[in-house]
Amino acid sequence: MSNVAANDPPKGEAYFREMLSTFQTGLDLAMRFSARCDGKRVEQRHGWASWLFLRLCVVGRSLDRLAAFKTKLDEGEANTLDHSSIAAVTRNIIEAALMFFYVSEPGVSDDEWGLRKDILDLHDCLTRYRVFKSWKDEKEMKSLRESAAQIKDRIRNHKLMSTFDAEKQKQLLGGQQLYLNGLRSVVKRAGWDPDRFDGVYAYLSVHSHSAPTSFYRTEKHQINFSKPSDYQFGLAAFSLEHADQSIRAACKRLIDVFPELFPEIKTKKIEA
């Protein structure tokens, strides 16, 4: 017999409620921070950074709505805790935060930024090319092939390319890379534990892709979307906890990028 009173929420739900409240507080802070950047004219990389931060806030609002599970309902009101979508959207928030860190990283030389941008440009160009190729749009394909060739020439001739071995240069010219030195390098430079990140990212990713881990053991975990199990509340809470950490870390970086907008803010106030 459980020693928990019948009217007490289960442990999984208690964790979920705690993390949802913490996440909502961090999201509210981030939205207020983002509003200070509205209309500010900045160089391209910081313009991208402010847009990515705004996107973090918008996706965070979507996550908040997804997590709006109510134990007691008014008649006719829907009641669903979609733990898998909460996990998938959290992964999206983590990825947006990492790209935000990447484009806003302090101390990056103009030469390195130029190469970073060329690599992002190539990824964008070849992604669009694959889309229009599947649609058999010859006009767009031709234009994008020409643009990709020009970007590849810039990358080949960039002074920093000589610092990479042949295999690394081939990867950078392949158009599949987003980050100059890979995702884990961004994780490390953001101050995150890369080993911890690998586990969290893998766990959340299975829900983005509907991989077996996202639907195996449904009976064991007692999956019920209208009457969630401790497992579902736990996964949703785990996701919200990491979404909150990502958003608060981004808030700290935003202060570093635009210190003049936050003269009264102390970073210690951002901690959960």
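Please treat every number below as a calculation from the coordinates, not as lab data. What you see is a predicted model, and the numbers here were worked out from it, not measured in a lab. No Cβ is skipped: glycine too gets one built from the backbone with ideal geometry, and neighbour counts run over all protein chains shown.
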For segment 49-129, take the alpha-carbon Rg, divide it by the Kirkwood Rh, and send me Rg/Rh. 1.19
Summed residue charge, Cβ within 10 Å of V103's Cβ, Lys/Arg positive, Asp/Glu negative: +2
Just A243, A35, A96 to compare: in a GNM of the chain, with alpha carbon springs under 10 Å, which one fluctuates most? A35
Can you give the three extents of the C-alpha atoms in segment 166-260 along their principal axes, from longest to shortest, in whole Å? 50, 41, 20
Longest segment of the chain with no GluC sites (Glu not before Pro) in a DSSP loop having at most 14 other Cβ atoms within 10 Å? 78-218
